[in-house]
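Data block below; observations after.
The values are calculated or read from the model by the stated rules, or taken from the named source; none is laboratory data. Nothing here was measured: the structure is a model prediction, and the numbers come from that model. FYI the Cβ positions are ideal-geometry reconstructions off the backbone, even for glycines, and counts take in every protein chain you see. The protein model used for the area step is the full one, side chains on, heavy atoms only, and it has no ligands, DNA or RNA in it. Shrake-Rupley method; radii C 1.70, N 1.55, O 1.52, S 1.80 Å.
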Amino acid sequence: MLIDPEIGFTADVIRDPSRFVGRTDLIRDCISALNAATGLISVFGKRGVGKSSLLRQIQQMALGEYALAKKAGLTHLIPARPRTYLTVYYSCDSLIKDGKDLLSRLCNDQGAEDSLLRLVPNDGKEIIEFTRSKEVSAGADLKVVSWGAKGIESSKYAKVVPNDIVQTFRNFVDAIVVHQVQKRMNRDGLLIILDEFDVIDNKEGLGSLIKSLTTPQVKFAVCGVGRDLSDLIHDHASVERLIEQGVLPVKPMPLPESEAIIFRAAELFGGTVKFEPGIATRIAELGQGYPYFVQLIGKQCVNEANSKSTTTIDSDILDKVLEDLRSGKAFPTLESAYQRAIGESEGRQMLLHLLAEQPTEQSLFTDEIGRVILKQSRQVAEELDIQFIDQLIPRLVEKKYGPILERVPERQGTYEFVNPVLRQYIKLRRIE
Ligand SMILES: Nc1ncnc2c1ncn2[C@@H]1O[C@H](COP(=O)(O)OP(=O)(O)O)[C@@H](O)[C@H]1O
Ligand SMILES: [Mg+2]
């Protein structure tokens, strides 16, 4: 019998609280941020570190579903009557130019479970309660089962103001708060969660826009790649008073939490897959704090076990997965990003490996983490007879080939790996 690796592992954002591991400090901060009457929640960190998964857990808690917090031993911090919300979840993309563009997207997105529009009261539209988690007791949200024949313009509850998207948005939000949040569901507020906020091209004024829209009934949560809040919101001074709670930096996972992903997977497999002692530690070490890589390796181990008709993951299985990784066979997505970057240049391949292997400071609290300095690899590169180093770099920073590296503007000759998981992959990949 083949075992489905997805039962225990996933490369997707974690929505189901029973799959979410660790992050106890962040969950504690989420509880207080959600239970503050006003305030902005901001989540930031590197790619693949677990931001979106944390956001989905914030969404669960906003609905009043605190099973995760209880399991994490935080029951004493949950208020007797926690503030509850209806929720909107929107992932931004780089075609969103600015704040008005964002509001216009929010007012037009027709997602059945996460959109703002689904909550705008309307005669024709049919909305039902549903729960986002497997637990039956979990907090309910609303979803649309039929948008109705008349279309959204016919709404008599919320007025669309032509050419004024800010006012239209306000009208939508007001109607939602009165009719859905308060009357229908008896909640405290509306939580608008905006993921991938960093990709919005022109961030000017977004802070003051959010501030002007935030009330005790309307709270925003923004999330994206960055080192701190100012990477997400440039005019962050305007939201200063809103951020006493709710600043949530997502750091690489400590080793025991990465190991816990394997232990949790074992539980999810319900005894059908066994991991020999020591395997979890080895996989966690390979993951370097990036849960995404831990999940990928775990999944591949199960695939390998399937092909060997065994249900025990031992060091032979893991060694085989590692060998396939080294030769580029195990992880097609990472492999193709790697190949695209090197573009059939041996020199560029060598240079990329030298940069990936540069020792960087291991402290979790400095900006330097993940940065590499060209000069430091130059000498080794020359000793290895790599020619024209300066001509090898441009492809690595060019968008259409990845990009693999990003220039750090304040420091000449300093680069950052855009995707830390890819960097780890390159470190493990063999040069052939
Ligand atoms: N707390 C967690 N427990 C288990 N796996 C996680 C956790 N957080 C993230 N992951 C895994 O890591 C991967 C990346 O997570 P994601 O939330 O998409 O990161 P980001 O949004 O920062 O890029 C996903 O495959 C997810 O399965
Ligand atoms: Mg994400």
>> Less than 20 Å from a label point 7 Å out along the Cα-to-Cβ axis of V199: which backbone N atoms in segment 101-135 qualify, by residue?
In response: 101-117
>> Need the C-alpha centroid separation for segment 269-319 versus segment 370-432, integer Å.
In response: 30
> Antiparallel DSSP bridges in the chain: what percent, to the nearest 5?
Replying inline: 35
>> Tell me which of T333, P420, G298 sits at the most positive position along the dipole axis of segment 279-432, charges placed on C-beta atoms (Lys, Arg +1; Asp, Glu -1).
In response: T333
> On the accessible surface of the chain, probed at 1.4 Å, how many percent belong to carbon and sulfur atoms?
Replying inline: 50
> For labels at R28 and K400 in the simple 7 Å Cα→Cβ model, what's the distance in nm?
Replying inline: 5.0
> In square angstrom, rounded to the nearest 10, how much accessible surface does E285 have for a 1.4 Å probe?
Replying inline: 100
> Non-local amide H neighbours of D188 (under 5 Å, H modeled in plane, Pro and chain starts lacking H): which ones?
Replying inline: T84, Y85
> For V247 and E6 in the same chain, what is the full-extension length gain: residue separation times 0.36 nm, less their Cα-Cα distance, in nm?
Replying inline: 83.5 nm
> What order do R340, R423 take when sorted by accessible area (1.4 Å probe), most exposed first?
Replying inline: R340, R423
> For segment 255-326, what is the accessible area per residue in Å² when the probe is 1.4 Å?
Replying inline: 42
> Gaussian network model of the chain, Cα springs within a sub-10 Å range: biggest mean-square fluctuation belongs to which of G343, G224, G22?
Replying inline: G343
> Excluding same-chain residues fewer than 8 positions from K51, which lysines have a Cα within less than 22 Å of its Cα?
Replying inline: K70, K71, K134, K203, K219, K251, K299
> When the chain is modelled as a GNM with alpha-carbon springs shorter than 10 Å, which of K143, K51, K134 fluctuates the most?
Replying inline: K134
> Which of F263, L242, I165 sits closest to the plus end of the dipole of segment 164-274, meaning its Cα is farthest towards the positive end, when Lys and Arg get +1 and Asp and Glu get -1 on the C-beta?
Replying inline: F263
>> For I313, what residues show an amide H to amide H distance below 5 Å, using hydrogens built from the backbone and excluding near sequence neighbours?
In response: K274, F275, E276
>> I'd like the trypsin sites (Lys or Arg not before Pro) in segment 162-240 restricted to DSSP loop residues with at most 15 other Cβ atoms within 10 Å, sorted by number.
In response: R227
> Where nothing but the Cβ of Lys and Arg (+1) and of Asp and Glu (-1) is charged, how large is the charge dipole of segment 23-250 around its Cα centre, in debye to the nearest 20?
Replying inline: 640
>> What does DSSP give for segment 23-250 in terms of the percent of beta bridges that are antiparallel, rounded to the nearest 5?
In response: 25
>> Testing the spin-label approximation: label points 7 Å from Cα along Cα→Cβ at D123 and K183. State their distance in nm.
In response: 1.4
> What does a probe at R407 reach in segment 310-349, counting residues whose amide N is under 18 Å from the point 7 Å along Cα→Cβ?
Replying inline: none
> Ignoring ligands and nucleic acids, what accessible area does E259 show with a 1.4 Å probe (Å², nearest 10)?
Replying inline: 30
> What does the charge dipole of the chain about its Cα centre add up to, to the nearest 20 debye, if the Cβ of each Lys and Arg holds +1 and the Cβ of each Asp and Glu holds -1?
Replying inline: 1160
> At a Förster radius of 51 Å, what calculated FRET efficiency corresponds to the Cβ-Cβ distance of V160 and A67, to the nearest 0.05?
Replying inline: 0.85
> Summing -39500 (n - 2.57) over the DSSP H runs of n ≥ 4 in the chain and dividing by its residue number, what mean residue ellipticity at 222 nm do you reach, to the nearest 500 deg cm²/dmol?
Replying inline: -11000 deg cm²/dmol
